[in-house]
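Worksheet for the structure shown next.
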Protein chains: 2
Amino acid sequence: MNRCGVFDSGIGGLSVASELLKSKLFDEIIYFGDTARVPYGNKNESTIIRYSLEALEFLKNFDIDFLVVACNSASSVAIDELRREAGFPVVGVIEAGVKALDAAKTSNILLTGTKRTIQSNKYQNMLLDLGYQNIISVATPLFVPLVEEGITEGKIVDEVFELYFGDIDKSSIDYVILGCTHYPFLAKSFKKHFPNAKLIHSGQAIVELLKNEYGLKEKSDTSIKLFASDNPEELRSKAKEWLNL
Amino acid sequence: MNRCGVFDSGIGGLSVASELLKSKLFDEIIYFGDTARVPYGNKNESTIIRYSLEALEFLKNFDIDFLVVACNSASSVAIDELRREAGFPVVGVIEAGVKALDAAKTSNILLTGTKRTIQSNKYQNMLLDLGYQNIISVATPLFVPLVEEGITEGKIVDEVFELYFGDIDKSSIDYVILGCTHYPFLAKSFKKHFPNAKLIHSGQAIVELLKNEYGLKEKSDTSIKLFASDNPEELRSKAKEWLNL
């Protein structure tokens with residue numbers, strides 16, 4: 001029996017859990033969303049580290065063999081501390097997203113994320129270390145509340161894209177990194193505004209990394225258990241909708 | 001020396017603290033923003049009550065004589081529990097807002113607020129008890145992130161107003177209750193879309209209630225102390241900007 005813990009600040013990480021379920025790399029997935037303290041994106045580094053270690057403690061109760069940090073803000077500031085305390089492999093969406101970029105080093109890469117993720121420079125530094133030269137990074141904090149309100153296309157979304165990306169030559173962008181687990185729900189709008197770009201989803205990137213670096217193979221079936229620090233019924237209802245449970 | 005504690009889930013309550021400072025009804029104001037767990041608007045009732053009681057415990061350390069609950073979500077679900085534990089008067093923005101409405105009972109009243117505030121029906125029930133008959137209530141959750149991003153007028157705001165109020169005969173509205181401490185920052189846009197409406201601000205309403213029901217009089221000067229459970233430097237910088245400190 002191999003078990004994977006998935007941790008996110010809220011319900012957005014279900015987009016990662018969904019890909020993990022489809023991939024069948026684990027017998028069981030234990031999802032924990034810290035919905036009592038969501039969002040992490042605008043909180044201090046030390047606070048995010050403390051909350052992340054508490055999530056790890058909770059998930060350890062389930063004898064997990066892997067931890068997937070599905071929250072970009074936590075991945076950007078708490079991954080080292082989580083690795084130190086875990087005693088098993090810890091995989092974050094940021095390194096997964098960067099490794100999933102199989103691109104020419106001169107590609108035009110647009111990185112989007114919360115303020116905390118962008119300001120941490122974690123993504124940018126990893127991209128620079130790998131030799132990528134043309135990186136534009138834009139903090140897009142309004143995308144999370146829009147997705148949570150179910151507004152993923154249309155006039156308001158187009159105006160917000162204009163606000164954030166008005167100065168960018170959109171047709172020149174080759175890759176867009178969706179650096180927040182909520183952003184895959186805006187995929188259609190990203191495709192519309194960046195017609196030549198390939199979108200990098202955290203969930204798909206995590207599955208690739210687990211296969212490539214840990215040699216995990218497909219099992220016959222994967223089950224999932226869902227936990228939240230607040231509003232577990234909302235998590236379960238969203239999971240029903242998004243994961244076809 | 002009389003001291004007033006002001007509690008909000010985040011920095012929005014500074015709009016209330018600002019009016020309290022101007023009114024000079026207290027020698028000292030102690031502001032606490034629970035920024036480590038903001039926002040409350042989408043959290044469960046029991047969680048909001050627990051967080052509110054923790055805020056009260058913290059503020060009791062300062063020997064306060066009054067507590068102003070500047071958070072609408074907390075006012076809508078935790079005011080009874082706070083009164084039970086406080087041992088001094090506790091005043092909330094909801095009752096203050098309702099009492100500030102000095103209007104004909106047939107006036108058309110538009111109530112705006114977070115999902116939690118609107119769903120609690122606390123405002124609506126108090127308005128009905130006072131005999132008001134024409135109440136339209138609309139949850140407007142995107143307003144908080146817009147204000148926090150500094151977007152308070154222009155195309156995006158107009159589109160969001162259209163989304164929330166598209167079906168309402170705007171010129172017929174006599175009063176708009178700004179049922180969230182962030183909303184006074186959108187006053188200009190509210191004025192534009194509801195040209196005939198008087199706006200009800202929580203901060204001004206609280207000052208009126210303290211004068212009318214507790215007979216508080218103007219002092220020579222009021223000082224303020226600021227505390228936050230996360231990012232105190234951001235609270236202080238916003239306070240500098242908004243309170244002219």
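The values are calculated or read from the model by the stated rules, or taken from the named source; none is laboratory data. Quick caveat: nothing in here was measured; it's all calculated off a predicted structure. Cβ: placed from backbone, ideal geometry, glycine included. Neighbour counts: every protein chain shown.
What the table shows:
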read-out: Residue tally, condition closer than 20 Å to A:Lys115 by Cβ and within 14 Å of chain B (Cβ to nearest Cβ), over the range A:158-201; value: 10
read-out: Condition met for B:Val176 (closer than 21 Å to A:Glu148 by Cα and outside any helix (DSSP H, G or I)); value: no
read-out: Test: residue in the range A:214-233 that is among the aliphatic types (A, V, I, L, M), farther than 16 Å from A:Val69 by Cβ and within 14 Å of another protein chain (Cβ to nearest Cβ); value: yes
read-out: Subset of the range A:187-234 [in a helix (DSSP H, G or I) and β-branched (Val, Ile, Thr)]; value: A:Ile206, A:Val207
read-out: The range A:122-137, residues that are of a type in the set (D, E, K, R) and either over 20 Å from A:Gly92 (Cα atoms) or without any contact (Cβ under 8 Å) to a residue 40 or more places away in the chain (or both); value: A:Asp129
read-out: Filter result for B:Ser120 (of a type outside the set (A, V, I, L, M, F, W, C), modelled with pLDDT under 95 and closer than 21 Å to B:Asn44 by Cβ); value: yes
read-out: Among (1) touching an Asp or Glu at 6+ places or on another chain (Cβ under 7 Å); (2) over 25 Å from B:Glu208 (Cβ atoms), the one test that B:Lys24 misses; value: (2)
read-out: Odd one out for B:Leu82 among (1) in contact (Cβ under 8 Å) with a residue 40 or more places away in the chain; (2) farther than 23 Å from A:Pro39 by Cα; value: (1)
read-out: Condition met for B:Asp158 (in a helix (DSSP H, G or I) and surrounded by fewer than 20 Cβ atoms within 10 Å (Cβ to Cβ)); value: yes
read-out: Leading residue by the ranking (modelled with the highest pLDDT) among those in the range B:25-36 that are in a loop (DSSP other than H, G, I, E, B) and within 14 Å of another protein chain (Cβ to nearest Cβ); value: B:Asp34
read-out: Complete set of residues in the range B:1-17 that are closer than 24 Å to B:Arg116 by Cβ, more than 10 Å from chain A (Cβ to nearest Cβ) and either assigned to a strand (DSSP E or B) or touching a strand residue (DSSP E or B) at 6+ places or on another chain (Cβ under 8 Å) (or both); value: B:Gly5, B:Val6, B:Phe7, B:Asp8, B:Ser9, B:Ile11, B:Gly13, B:Leu14, B:Val16, B:Ala17
read-out: Single match in B:Leu20, B:Leu82, B:Leu110 (criterion: part of a helix (DSSP H, G or I), more than 26 Å from B:Lys240 (Cβ to Cβ), more than 14 Å from chain A (Cβ to nearest Cβ) and hydrophobic (A, V, I, L, M, F, W, C)); value: B:Leu82
read-out: Of the criteria (1) within 14 Å of chain B (Cβ to nearest Cβ); (2) within 24 Å of A:Lys99 (Cβ to Cβ), which one A:Lys155 fails; value: (2)
read-out: Residue match in the range A:111-123 (condition: surrounded by fewer than 20 Cβ atoms within 10 Å (Cβ to Cβ), over 22 Å from B:Val144 (Cβ atoms) and out of contact with any His (no Cβ under 8 Å at 6 or more places or on another chain)); value: yes
read-out: Residue check, B:Gly150 assigned to a helix (DSSP H, G or I) and either crowded, with 20+ Cβ neighbours inside 10 Å or within 13 Å of chain A (Cβ to nearest Cβ) (or both); value: no
read-out: The lone exception for B:Glu54 - which of (1) touching a Phe, Trp or Tyr at 6+ places or on another chain (Cβ under 9 Å); (2) surrounded by fewer than 23 Cβ atoms within 10 Å (Cβ to Cβ); (3) at pLDDT 95 or above it fails; value: (1)
read-out: Given (1) more than 14 Å from chain A (Cβ to nearest Cβ); (2) touching a residue at least 12 places away in the same chain (Cβ under 8 Å); (3) assigned to a helix (DSSP H, G or I), number of the condition B:Glu241 does not satisfy; value: (2)
read-out: Enumeration of residues in the range A:124-147 that are in a helix (DSSP H, G or I) and within 13 Å of another protein chain (Cβ to nearest Cβ); value: A:Phe143, A:Val144, A:Pro145, A:Leu146, A:Val147
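For every residue, the table says whether it meets (1) modelled with pLDDT of 95 or more; (2) assigned by the TED database to the domain that holds B:Asn121; (3) out of contact with any His (no Cβ under 7 Å at 6 or more places or on another chain); (4) surrounded by 24 or more Cβ atoms within 10 Å (Cβ to Cβ).
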site: B:Asp8; (1), (2), (3), (4): yes, no, yes, yes
site: B:Ser23; (1), (2), (3), (4): yes, no, yes, no
site: B:Val38; (1), (2), (3), (4): no, no, yes, yes
site: B:Phe66; (1), (2), (3), (4): yes, no, yes, no
site: B:Glu81; (1), (2), (3), (4): yes, no, yes, no
site: B:Glu85; (1), (2), (3), (4): yes, no, yes, no
